[in-house]
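This report refers to the structure that appears directly beneath it.
Each value in this text was obtained by applying a stated rule to the coordinates, not by laboratory testing. Not measured: the values here are computed from a predicted model. All Cβ positions, even for glycine, are placed from backbone atoms using ideal geometry, and neighbour counts span all protein chains on display.
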Amino acid sequence: MNIIYFLLPLALLLGGMFVAFFIWATKSGQYDDLETPAQRILFDDDRNIK
Amino acid sequence: MSTDSTNTGHLEEFSYNDRITKWFVGATMLWGCVALLLGVIIAFQLAYWKFNLGLEWTTFGRLRPLHTNAAIFAFIGNAIFAGIYYSTERLCKTRMFSDTLGWLHFWGWQLIIVAAAISLPLGLTTGKEYAELEWPIDISIAVIWVIFAINFFGTLVKRREKHIYVALWFYIATILTVAVLHIVNSISLPVSLMKSYPIYAGVQDALVQWWYGHNAVAFFLTTPFLGLMYYFIPKAAKRPVYSYRLSIIHFWSLVFIYIWAGPHHLLYSSVPDWVQTVGMTFSIILWMPSWGGMINGLLTLRGVWDKVRTEPVLKFMATAVTFYGMATFEGPLLSIKSVNYLGHFTDWIVGHVHAGTIGWNYMMTAGMLYFLVPKLWKTHLFSKKLANLQFWTATIGLVLYMMSMWAAGITQGLMWRAVDASGRLVYPNFIETVVKIVPMYWVRAFGGVLVLLGFFIMVYNLVKTIQFANKNNKDQAEDVYAAPPLSAAKEEHGASAHRKLEGLPMLFSVLTLLAVLVGGIVEIAPSLLSDKFVEKAPHIKPYTGLELAGRDIYIKEGCYVCHSQQVRPTPSEKLRYGDPSTAAESVYDHPFQWGSRRIGPDLARVGGKYNDMWHFRHMINPRDVTPKSIMPNYGWLTKNKTNFKVIQKKLKVMKALGVPYTDEQIANAFNDAQMQAEKITKGLTEHGVPMKMQSKEIIPLIAYLQRLGMDSANAKKAIEEGQE
C-alpha cells in the first residue's frame with residue numbers, strides 16, 4: 001500500500017500543475033475573450049498568398 | 001488586436017509541414033487494417049478454438065495483447081499524431097517547431113510498432129495489460145514521446161496566435177500525462193535483454209497498473225480526441241463550437257477528475273476499501289464533464305443537421321460523439337460497486353471498451369481522415385457513396401458487437417452468481433457458463449468483420465482519392481501563408497526575445513514536472529521495495545525457482561488474458577473458488593496477475609484442485625478433460641526446453657526487488673529447480689509420461705499452477721488441525 005503515498009502526491013502534482021496552468025492562462029488574458037477564438041479558427045488556413 | 005497588427009504592418013511568411021501529416025495519415029490507414037484484422041482473428045478464436053491454429057505464436061493469449069497494442073498505439077496513436085500536427089500548426093499559425101524532430105517522431109514510432117509486432121507473438125511480454133512491451137521498447141517509447149513533446153511545445157512557443165485554443169489544451173494534457181503514466185508504470189529491473197520484472201508487486205502493482213490503465217484510456221483515447229473534436233467539428237461544420245466557455249470548463253474539470261478514477265478497475269479486490277470508494281466516487285462525478293463535452297460537440301451541429309446526413313465527415317463525427325456519450329454513461333454506471341460486481345470479469349466490459357474504441361475513436365478517425373485527405377492532397381473525395389457504405393457497415397457491426405457483449409456479459413455474470421435455495425451454485429461447472437455464451441461470440445465476430453470491412457472500404461476510397469490527386473493535381477507544393485508575429489503588437493525591437501518569454505511558463509512547468517518525477521521515483525523506490533506486508537503474513541513464502549520459471553511461462557503465454565487470480569469477497573465466489581484473495585497473497589508477485597477477464601475460471605486457488613496428470617493432459621488438449629472447452633492447446637510446452645540456467649538470475653533480480661530469497665536458495669537455484677522438476681515428472685511417469693519430459697516447459701508451469709493458493713490453504717489446515 002506504500003504505493004498510495006507515491007500515487008497520491010503524483011496525482012496531486014499533476015493536478016497542481018494544471019492549476020498553475022489555469023492560473024497562468026487566466027492571468028495572461030487567455031480567457032478574457034471567449035467568443036472570437038471560437039470564430040477565428042474557422043478562417044485561419046485559407047490565406048494562401050502566392 | 002487585429003488593428004494593432006495592421007499598424008505595425010509587418011507580416012511573416014510561413015508554410016505548414018503537411019508531408020509529415022500525410023505520412024501519419026498513411027500509417028493510420030495501414031495499422032488500422034492490421035489492428036482490426038487482429039481483432040477479428042481473436043474474436044473467431046473465442047468462438048471456435050481451432051482458430052488458434054495450434055501454433056505458439058498465434059494463440060489468443062499472445063495475439064490479444066498484439067491486438068490491443070496495435071489498436072491503441074499503432075492505429076489510434078498515428079491518427080492522434082496526424083490530427084495534432086495538422087491542427088496545432090494551423091491553430092498556432094506556424095510551421096512545426098522542427099521538421100527533423102517530426103520525422104524522428106514518425107519513423108521512431110513506426111519502428112516501435114514493428115518491434116511490438118515481432119516481440120508480442122514471440123511471447124516477450126511484461127504481463128501487464130496495455131503495457132506489455134518489454135523494457136528496451138518501453139525506453140524507446142519514452143524517448144520518442146519526449147521528442148514529440150519537444151516538437152509540440154516548441155511549436156506552441158513559436159506560435160503567432162496569442163490565444164491557446166481549447167484543442168491545444170487537450171493536447172497539452174495528453175502529452176504530459178501520458179509521459180508520466182508510461183514512465184511510472186514501466187519501471188522494472190531487467191533479467192535479460194527482453195525480460196524484466198516490475199519493481200512493484202501485488203496490490204501496489206495492481207494500483208499502479210490500473211492507475212496507468214485507466215488514465216491511458218483517459219489521456220490516450222479520450223483527451224486527444226476531444227481536442228480533435230473541438231478542432232475538426234467546427235471546421236467541418238463551418239461554424240464555431242456551440243459554447244466556447246463550456247469547452248473550457250469541460251477541459252479543466254476533466255483533467256482534474258479523470259486521474260482519480262483508476263481504482264474502479266479494482267472493486268471487490270484486495271485493495272483497501274477506501275481506495276475503491278474514492279475510485280467509484282470520482283468515476284461517477286466524471287459523468288458530468290463528459291456529458292458537457294458531448295452536448296457541446298453535438299450542439300455545434302445545430303442548424304447544419306442536413307449536412308450531417310450528406311457529409312461523411314460530419315456524419316462520422318456526430319456518430320462518434322454520440323457513442324462517446326454512451327460510453328461515458330456506461331463507464332460511471334459500471335463503477336457503481338453492485339453493478340461492477342455483475343459486470344466485472346465478463347464480456348460486458350469488453351463491449352464497453354469497444355463502444356469507446358470503435359464508436360468514438362474509429363468513427364472520429366474516419367471522419368478526420370475524410371476531412372484531411374482531400375484537404376492535404378488538394379482534391380475531392382473519390383466517392384461519398386462508399387463513405388456512406390462504410391458508415392453503415394461499421395455502425396451495424398458495432399451495434400452487433402455491443403449487443404452481443406452485453407448479452408454475453410450479463411448472462412455469464414448472472415450464471416456465475418446464481419445460488420439455489422439450498423445455498424449451492426446453480427452452475428458449479430464453469431464450462432456451462434462458457435458454452436452458453438459461445439453463440440454470442442459468433443455474433444461478435446461477425447460484427448467485427450463488418451467493422452473491418454468498413455475500414456477496408458474507407459482505405460480503398462482514400463487511396464483512390466490520393467491516386468486521383470497525384471495524377472491530376474500537379475501542384476502539390478506547400479502553400480504559403482502570412483501572419484503578424486505574436487509580439488509585433490507590443491514591441492517591435494527584441495520581439496523574438498519576448499516571444500521566448502511567452503513560452504517560458506510552459507517549458508518551466510514541463511521541466512519541473514520531469515525533475516520532480518525523477519526525484520520522486522529515486523526517493524520512493526526503496527520504501528516501495530520493503531513492503532510492510534511481509535511481516536504480516538509469514539505463511540506466504542516466495543515461489544521456488546521452478547515455480548517462478550513456470551510463472552514466467554504463464555506470463556509469456558498470456559494466460560492472464562483469460563484467467564483472473566483474484567477471488568472476490570462474496571458468497572458465490574467463495575462457493576466457486578474458496579476464500580477471498582488477500583493482499584498478502586500476492587506480495588511477491590512481480591508483476592501481479594489478477595487479470596481483468598474470466599474467459600476461463602479464476603486460478604487464485606487452483607493449486608491442489610487437480611493432480612499433476614490432469615494439468616498435463618489439460619494443457620496438451622483441454623478438451624481431453626473438459627469437453628467443449630475453448631482454451632487453446634499448448635502442445636509445444638511438452639517440446640520447448642526449460643531454461644534452467646536463467647533461474648538463478650531471476651531469483652537474484654527478485655531478491656533485489658525485495659523478495660526474501662536466502663543466499664543459499666540463490667546458490668542452489670539450478671539444482672533445486674532440477675530436483676523439483678524431476679519429482680513432478682516422476683509422478684507423471686506412473687501415467688506413462690516419459691522421464692525426458694522433466695526438461696520441458698510444461699513441468700515448471702504445472703509446478704506454478706499447483707502452488708497457487710497453497711500457502712494459505714496449508715496455513716488454514718495447520719490451524720484447523722491444531723484446534724482438533
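Side notes on the structure shown:
- Test: residue in the range B:30-47 that is over 25 Å from the mean Cα position of the chain (by Cα), part of a helix (DSSP H, G or I) and without any contact (Cβ under 8 Å) to a residue 12 or more places away in the chain: no
- Residue check, B:D672 surrounded by 14 or more Cβ atoms within 10 Å (Cβ to Cβ) and under 37 Å from the mean Cα position of the chain (by Cα): no
Residue-wise test of (1) farther than 23 Å from B:Y16 by Cβ; (2) of a type outside the set (K, R); (3) touching a strand residue (DSSP E or B) at 6+ places or on another chain (Cβ under 8 Å); (4) surrounded by fewer than 19 Cβ atoms within 10 Å (Cβ to Cβ).
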position	(1), (2), (3), (4)
B:A116	yes, yes, no, no
B:L122	yes, yes, no, yes
B:E129	yes, yes, no, no
B:I139	yes, yes, no, yes
B:V143	yes, yes, no, yes
B:F148	no, yes, no, no
B:G154	no, yes, no, yes
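- Some residue of the range B:211-219 being crowded, with 23+ Cβ neighbours inside 10 Å and touching an Asp or Glu at 6+ places or on another chain (Cβ under 8 Å): no
- Yes/no for A:F6 being farther than 18 Å from B:V275 by Cβ and at the interface with chain B (Cβ under 7 Å from one of its Cβ atoms): no
- For the range B:264-294, residues that are among the hydrophobic types (A, V, I, L, M, F, W, C) and without any contact (Cβ under 8 Å) to a residue 12 or more places away in the chain total 1.
- Selection within the range A:9-40 - charged (D, E, K, R), part of a helix (DSSP H, G or I) and over 20 Å from B:Y171 (Cα atoms): A:K27
- Odd one out for B:H182 among (1) farther than 30 Å from A:D33 by Cβ; (2) away from every other protein chain (no Cβ under 14 Å); (3) not aliphatic (A, V, I, L, M): (2)
- Of the residues in the range B:559-571, none is of a type in the set (S, T, N, Q), assigned to a helix (DSSP H, G or I) and crowded, with 20+ Cβ neighbours inside 10 Å.
- Test for B:L176: is it within 10 Å of chain A (Cβ to nearest Cβ), farther than 25 Å from B:A549 by Cα, in a helix (DSSP H, G or I) and in contact (Cβ under 8 Å) with a residue 60 or more places away in the chain: yes
- Residue identified as closer than 21 Å to B:L228 by Cβ and either in contact (Cβ under 8 Å) with a residue 12 or more places away in the chain or of a type in the set (A, V, I, L, M) (or both) among B:G127, B:G83, B:G108, B:G123: B:G83
- The listed residue being buried (at least 20 other Cβ atoms within 10 Å of the Cβ), in contact (Cβ under 8 Å) with a residue 40 or more places away in the chain and in a helix (DSSP H, G or I), out of B:M403, B:M363: B:M363
- Considering residues of the range B:574-597 that are in contact (Cβ under 8 Å) with a residue 40 or more places away in the chain and not in a loop (DSSP other than H, G, I, E, B) only, the residue nearest to the other protein chains (Cβ to nearest Cβ): B:A583
- Within the range B:612-639, the set of residues being touching a residue at least 60 places away in the same chain (Cβ under 8 Å) and not in a helix (DSSP H, G or I) comprises B:T626, B:P627, B:K628, B:S629, B:I630, B:M631, B:P632, B:N633, B:Y634.
- Verdict on B:Y200 being outside any helix (DSSP H, G or I), within 14 Å of chain A (Cβ to nearest Cβ) and either within 25 Å of B:A583 (Cβ to Cβ) or within 20 Å of the chain's Cα centre (by Cα) (or both): yes
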